[in-house]
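Undergrad: Okay, handing you the structure first.
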Amino acid sequence: MTSAQVSMRIGGLGFCLAMEHCAPRRELSSVFHPFIAESACDILLDVNLGVEYKESVRRILFESGGTWVLGENERGFIYVFRAPDTYGRFLPFNIIELQPDLSRGAIYASSPCRDDPSVFRPFDFPMSEVVAVHLLSRGRGALLHAIGLDDSGRGDLFCGVSGAGKSTTARIWCHEPGVEILSDDRIIVRKDTEGFRIYGTPWHGEAQFASPHSVPLKRLFFLRQGPENKVRPLSASEAIARLMICCFPTFWDPEGMAFTLSFLKDMASTLPCYELTFVNNHTVVDFVRQL
């Protein structure tokens, strides 16, 4: 999808990409298409394609260990996104500069897509996810490794690291009447005057569920596969520790970390939290609904 300006709404956040001065062909990956919507901008991003970023990075704030590095200079935050070459070296391909208040930024996409050299996709994963995490840490919410589902208006969140059974859970629930899978891997959680709310995201997992919808959150489960369906209620301290393992915190930002910890503590103290051991079949659906 191409446009001079594109607005998206992800997790209740408005992203506006201004691309009117971009000469090369550009597009958003199809996974973003359901999230395109008229929206007030929480962040405006000017997109520059085939342009090198020539400013220097004054200080490195965080090294992800692979795909991206966060630095800063007098203009603000600088994210450098990298991809491995044929020799396994991580080389820069996209850079985004964000103003300190995160209200505006500029994307510099110097390299086109590997599968089509004529196309630039300036907001693909992980850039879009990393920007969202930074915005959420400014008092807005959190991103969790989780499957979220809307079961006839009731939101259930099933958290787990890779291999815990998120995609398996999504496939079990997806054909149930009245159920919509918001995401099978990454869910945004926010809080409003009515309580916590979960939102689908474009950053899907193996089962490829990615919905722009949202639903009030009622219960929180931590997944574990086993020989029988059973639950164990968790204390708030247990739930906080497990939420920290499943969240995407801003380690480089003390203020953001403090908010995230407070937000997760609020979730763990407010919502019913369980360890859910489940069997890989549809018996778990009735089991969870009857709790």
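The values are calculated or read from the model by the stated rules, or taken from the named source; none is laboratory data. Please read these numbers as outputs of a predicted model, since none were measured by experiment. Cβ coordinates were reconstructed from backbone atoms using ideal geometry, including for glycine residues, and neighbour counts include every protein chain displayed.
Undergrad: How many of the residues making up the stretch 268-291 are modelled with pLDDT under 95 and in contact with a Gly (Cβ under 6 Å, 6 or more places away or on another chain)?
TA: 0
Residue by residue, here is whether (1) in contact with a Leu (Cβ under 6 Å, 6 or more places away or on another chain); (2) in a strand (DSSP E or B); (3) within 18 Å of residue 266 (Cα to Cα) holds:
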| position | (1), (2), (3) |
| --- | --- |
| 131 | no, no, no |
| 140 | no, no, yes |
| 146 | yes, yes, yes |
| 150 | no, yes, no |
| 158 | yes, yes, yes |
| 163 | no, no, no |
| 170 | no, no, no |
| 176 | no, no, no |
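Undergrad: From 283, 277, 270, 193, which residue is surrounded by fewer than 21 Cβ atoms within 10 Å (Cβ to Cβ), among the β-branched types (Val, Ile, Thr) and free of Cβ contacts under 8 Å to residues at least 12 places away in the same chain? Walk me through it before giving the result.
TA: Numbers: 283 fails: free of Cβ contacts under 8 Å to residues at least 12 places away in the same chain; 277 fails: free of Cβ contacts under 8 Å to residues at least 12 places away in the same chain; 270 fails: free of Cβ contacts under 8 Å to residues at least 12 places away in the same chain.
Only one candidate qualifies: 193.
Undergrad: Return a yes/no flag: does the stretch 55-75 have any residue that is within 26 Å of residue 8 (Cβ to Cβ), surrounded by fewer than 17 Cβ atoms within 10 Å (Cβ to Cβ), touching a residue at least 24 places away in the same chain (Cβ under 8 Å) and of a type in the set (Asp, Glu).
TA: Within the stretch 55-75 (the criterion being within 26 Å of residue 8 (Cβ to Cβ), surrounded by fewer than 17 Cβ atoms within 10 Å (Cβ to Cβ), touching a residue at least 24 places away in the same chain (Cβ under 8 Å) and of a type in the set (Asp, Glu)), the answer is no, since none of the residues qualifies.
Undergrad: Of everything in the stretch 253-267, what is under 16 Å from residue 144 (Cβ atoms), out of contact with any Gly (no Cβ under 6 Å at 6 or more places or on another chain) and surrounded by 14 or more Cβ atoms within 10 Å (Cβ to Cβ)? Give them in sequence order. Show your work before the answer.
TA: Going residue by residue through the stretch 253-267, those that are under 16 Å from residue 144 (Cβ atoms) are 256-257, 259-267.
Narrowing the set further to residues that are out of contact with any Gly (no Cβ under 6 Å at 6 or more places or on another chain) leaves 256-257, 260-267.
Scanning the stretch 253-267 gives 256, 257, 260, 261, 263, 264, 265, 266, 267.
Undergrad: Here is a further query. Residue 216: assigned to a loop (DSSP other than H, G, I, E, B), surrounded by fewer than 22 Cβ atoms within 10 Å (Cβ to Cβ) and in contact (Cβ under 8 Å) with a residue 60 or more places away in the chain, yes or no? Give the derivation first.
TA: Details: assigned to a loop (DSSP other than H, G, I, E, B): no; surrounded by fewer than 22 Cβ atoms within 10 Å (Cβ to Cβ): yes; in contact (Cβ under 8 Å) with a residue 60 or more places away in the chain: yes.
For residue 216, the condition - assigned to a loop (DSSP other than H, G, I, E, B), surrounded by fewer than 22 Cβ atoms within 10 Å (Cβ to Cβ) and in contact (Cβ under 8 Å) with a residue 60 or more places away in the chain - is not met.
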